[in-house]
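**Student:** Handing you a structure now.
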Amino acid sequence: MTEFKKRIAETLSEKIKTDFSAELSPSDITAMLEYPPDSSMGDIALPCFKLSKTLKMGPPVIASRLSDADFGGICTVQCAGGYLNFKISDDWLLQNVLVQIEEKGDKYGASGMGEGKTVCLDYASPNVAKPFHIGHLGTTVIGHSLRNLHEFAGYNCISINHLGDWGTQFGKMIVAFRNWGSSDEVEKRGIDALVELYVKFHEEAEKDDSLNQQARDEFKKLEEYDEDNIKLWKWFIEISLKEYEKTFKQLGIAFDSYAGESFYVDKVPEQVEILREKGLLKIDDGASIVDLSEYNMPPCLILKKDGSTIYHSRDIAAAVYRKRTYNFDKCIYVTSNGQSLHFAQWFKVIELMGYDWYNELVHVPYGTVSIGGEKLATRTGNVVLLKDLFAQAIEKVTALVEEKNPGLKDKESVAEAVGVGAVVFHYLYNTRIKDINFIMEDALSFEGNTGPYAQYTYARTCSILEKAEKVDKSAPASVVCAEESELLKVLSKFPEKVLSAIEDYEPSVITRYIIELASSFNRFYHNCPIIGAEDETVRNTRLRLTKATGTVLKRALALICMRAPEKI
Ligand code: ARG
């Protein structure tokens, strides 16, 4: 559509110049173009009331005078009141959309806007020794989709897993392990055993407050690099990472860096010194803070009473480190909206410190997840672990495959792609900022607008092409039914969907587009015989359309972390 809009905007700009002696650039006109609410009116519309001020004429008159411009046969034009409606010609669609997809292949929609630029993306970032649950699904799949989208647009991308591997919880874990843990148990049961110890600590500390002091003491020792504590701490991280990596692997996600919070502890003092020099640091009840009342925010804590670093100050040090190391053009942080204040605070501190790149920091929040209307809570056990959720989804798909297609090759890998994909798709279908009440049955549903439906549609394109054997790209093509031109129009929208997903940091734009494309293809498939078409040109055109749909579907699915098996 972008190309089509550009072409009509250029013609209109010329026409306005010659007929009205007015100057309006093609890009100004492009910005005015809209999609009509009902596609029977046209594919694109120009609401002429937006021009009446400049051209000093009523919208219907403008529409009628513009309608006789020469658009070179790329569309038909109709006036409806103050609107000018354009219907794209099928020939233009074939030449520009179909041929373009064939030429560019899976690069169709790649704008190149990020060429020469670097983006750091901070996502997933779980807290060590805590369960990896559905609350983390958002940061993980939104974060990785944003990476894929940026990479597709030509950016050099650095994925960073900012592990929560430092803080008082490690004091608690050390006390809990020494009191109630066993190495064998932790080695055998991994993170589950660690989480149990964490929960146990809190139960016991309710009864015996002295445990909390012990935990603080052990953390203090850790901060002073006590050998035994460091050993335990490293081991907790190793055990947790093993578990996280299994889940990342199922999602097809890898990170460029696992530098967690602990990595920045020794980089905080340099920043504290700058804060002090600039007179930004205040002592409040023994703690060091930056006062942000002028910006209507609570103070940003920098150092605790005992001088130790905190989440905020480690983030500040991390941002400076990343700027120096990667020289990013953008650094994106994906977390739940519960942390919006945290980011607003330390972004402000970075600005006040005089770092001129402060506006390259972007927080991308998403809505919180609850179960049965209640907040997730590790301590009360109100969590759904991602590994359990994925296992259930895979089990469901496996049963379906056994029933419907027992001879399928690579059954296990297909079941994983479809099961995990169902959950991911379900999650990414929502606008990211919407709060989610998680319902297992919905996440595992395969009916309607779901991941399996999209993947199944892709597999359908593959099986048609397999049966057809040969597709001739150089033979003449023609559009003979409405479903074909509708499909071409949907295909033509992909590049702008990619742009808008990047601009708004919104993978759901792609998820919804996938459904639009899959539905359009299925309408075409049900109403227009493809292999069975009698006319050779029609048959060949339909095969080319099938192939182009497959190319775009596969690419779009990959953008939102989904695999596209050729057979299901
Ligand atoms: N570990 C944090 C949590 O689980 C998320 C970290 C996000 N990234 C950051 N640079 N603060 O809530």
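**Student:** Could you list the GluC sites (Glu not before Pro) in the stretch 206-279 that lie in coil according to DSSP, counting only those with at most 16 other Cβ atoms within 10 Å of their Cβ? The partial results should precede the final answer.
**Tutor:** Values: sites: GLU206, GLU218, GLU223, GLU224, GLU227, GLU238, GLU243, GLU245, GLU261, GLU270, GLU273, GLU277; in loops: GLU224.
Answer by residue number: GLU224.
**Student:** Continuing with the same structure: Could I get the Rg over Rh figure for the stretch 104-225? Both from C-alpha atoms, Rh via Kirkwood, rounded to two places.
**Tutor:** Ratio of gyration radius to Kirkwood radius for the stretch 104-225: 1.19.
**Student:** Additional query: Given DSSP loops and a limit of at most 13 other Cβ atoms within 10 Å, what is the longest stretch of the chain that contains no such trypsin sites (Lys or Arg not before Pro)? Working shown, then result.
**Tutor:** On the way: sites that count: LYS56, LYS278, LYS305, ARG379, LYS409, LYS434, LYS470, LYS473, LYS567.
With trypsin sites (Lys or Arg not before Pro) excluded where exposed in loops, the chain gives 57-277 as its longest stretch.
**Student:** Give the long-range amide H neighbours of LYS330: residues separated by 5 or more places, or on another chain, with amide H under 5 Å away, using H modelled in the peptide plane at 1.01 Å from N.
**Tutor:** THR118, CYS120
**Student:** Something else: Mind listing the long-range amide H neighbours of ILE371? Cut-off is under 5 Å, sequence gap 5 or more, other chains count too, H placed in the peptide plane at 1.01 Å from N.
**Tutor:** For ILE371, whose amide H was placed from the backbone, the distant partners under 5 Å are LEU376, PHE438.
**Student:** To continue, here is another question. Please list, in order along the stretch 361-375, the HN-Hα scalar couplings obtained from phi with the Karplus expression 6.51 cos²θ - 1.76 cosθ + 1.60 (θ = phi - 60°), rounded to whole Hz, x for Gly and Pro.
**Tutor:** Per-residue couplings from phi come out as 8, 10, 9, 10, x, 9, x, 7, 10, 10, 10, x, x, 10, 4 Hz.
**Student:** So, R0 is 41 Å and r is the distance between the beta-carbons of SER25 and LYS434; what FRET efficiency does that work out to, to 0.05?
**Tutor:** Details: r = 37 Å, r/R0 = 0.91.
The computed FRET efficiency comes out at 0.65.
**Student:** Just how large is the dipole of the chain about the Cα centre, in debye to the nearest 20, putting +1 at every Lys and Arg Cβ and -1 at every Asp and Glu Cβ?
**Tutor:** Working: 67 positive and 83 negative charges, 181 e Å.
It comes to approximately 860 debye.
**Student:** Can you give the angle from 0 to 90° between the axis of helix 210-223 and the longest principal axis of the chain, with both taken from C-alpha atoms, to the nearest 10?
**Tutor:** Between helix and principal axis, roughly 70 degrees.
**Student:** Pull up the cross-link candidates among the lysines for LYS220, meaning alpha carbon to alpha carbon under 19 Å and not fewer than 8 places away within one chain.
**Tutor:** Straight-line reach from LYS220, under 19 Å: LYS172, LYS231, LYS234, LYS267, LYS304, LYS305.
**Student:** Could you give me the ³J(HN,Hα) list for the stretch 550-562, computed from phi with Karplus coefficients 6.51, -1.76, 1.60 and θ = phi - 60°, whole Hz, x at Gly and Pro?
**Tutor:** x, 4, 6, 4, 4, 4, 5, 4, 4, 4, 9, 6, 10
**Student:** Can I ask one more? I want the antiparallel fraction of DSSP beta bridges within the chain, as a percent rounded to 5.
**Tutor:** Here the antiparallel bridges make up roughly 55 percent for the chain.
**Student:** Return the lysines within reach of LYS404: Cα separation strictly under 19 angstrom, same-chain partners fewer than 8 residues apart disregarded; answer none if there are no such residues.
**Tutor:** LYS396, LYS567
**Student:** Same structure again: Does the stretch 384-463 classify as rounded, prolate or oblate by the C-alpha gyration tensor (a ≥ b ≥ c root eigenvalues; a/c under 1.5 gives rounded; else a/b over b/c gives prolate, otherwise oblate)? Present the calculation step by step, with values, prior to reporting the outcome.
**Tutor:** On the way: a/c = 2.43, a/b = 1.51, b/c = 1.61.
Oblate, because a/c is 1.5 or more while a/b does not exceed b/c.
**Student:** For ASP68 and GLU245, compute 0.36 nm times the residue count separating them, minus their Cα-Cα distance, and round to one decimal in nm.
**Tutor:** That pair, ASP68 and GLU245, stretches by 57.5 nm at full extension.
**Student:** Let me ask another. If amide H atoms are built 1.01 Å from N in the plane of the peptide, which residues on other chains or at least 5 residues away come under 5 Å of the amide H of VAL364?
**Tutor:** For VAL364, whose amide H was placed from the backbone, the distant partners under 5 Å are TYR333, VAL334, THR335.
**Student:** If one takes the longest principal axis of the Cα atoms in the chain, at what angle in degrees, from 0 to 90 and to the nearest 10, does the Cα axis of helix 227-251 lie?
**Tutor:** Helix 227-251 sits roughly 20 degrees off the main axis of the chain.
**Student:** Here is a further query. For the stretch 219-344, what does the alpha-carbon gyration tensor say about shape, rounded, prolate or oblate, given a ≥ b ≥ c as the root eigenvalues, a/c under 1.5 as rounded, and a/b over b/c as prolate?
**Tutor:** Numbers: a/c = 1.98, a/b = 1.35, b/c = 1.46.
Here the stretch 219-344 falls in the oblate category.
**Student:** Among all the lysines, which ones have a C-alpha under 24 Å from LYS489's C-alpha, if same-chain residues fewer than 8 places away are not counted?
**Tutor:** Straight-distance partners of LYS489: LYS5, LYS6, LYS87, LYS104, LYS107, LYS473, LYS497, LYS547, LYS554.
**Student:** How big is the convex hull of the Cα atoms of the stretch 152-221, per residue, in Å³?
**Tutor:** 139
**Student:** Is the shape of the stretch 266-337 best called rounded, prolate or oblate, per the rule: a/c under 1.5 gives rounded, else a/b larger than b/c gives prolate, else oblate, with a ≥ b ≥ c the square roots of the Cα gyration tensor eigenvalues? Numbers along the way, then the final one.
**Tutor:** Working: a/c = 1.80, a/b = 1.42, b/c = 1.27.
The shape class here is prolate.
**Student:** What percent do you get for the relative contact order of the stretch 458-568 when only Cα pairs under 8 Å and 6+ apart count? It would help to have the intermediate numbers written out before the result.
**Tutor:** On the way: 113 pairs, mean separation 51.7, N = 111.
Across the stretch 458-568, relative contact order equals 47 percent.
**Student:** With Kirkwood's inverse mean 1/r over C-alpha pairs for Rh, give me the Rg to Rh ratio of the chain, two decimals please.
**Tutor:** Using only Cα positions, Rg/Rh for the chain is 1.05.
**Student:** Can I ask one more? Give me the orientation-averaged projected area of the Cα convex hull of the stretch 445-568, in nm², one decimal.
**Tutor:** 7.7
**Student:** How high is the FRET efficiency between GLU374 and ASN296 when r is their beta carbon distance and R₀ equals 35 Å, given to the nearest 0.05?
**Tutor:** 0.65
**Student:** What ³J(HN,Hα) values, in whole Hz, does the Karplus curve 6.51 cos²θ - 1.76 cosθ + 1.60 give for the stretch 424-439 when θ = phi - 60°, with x put for Gly and Pro?
**Tutor:** Per residue, the Karplus-derived 3J(HN,Hα) values read 4, 4, 4, 5, 7, 6, 7, 4, 4, 7, 5, 6, 10, 9, 6, 10 Hz.
**Student:** May I ask you to work out the translational diffusion coefficient for the stretch 402-509 at 20 °C, viscosity 1.002 mPa s, via Stokes-Einstein with Rh from the Kirkwood sum over Cα pairs, reported in whole µm²/s?
**Tutor:** The Stokes-Einstein estimate is 125 µm²/s.
Read the figures in this text as sums done on the coordinates, not as results from a lab. Worth saying up front: this structure is predicted, and the values here are computed from it rather than measured. Cβ: placed from backbone, ideal geometry, glycine included. Neighbour counts: every protein chain shown.
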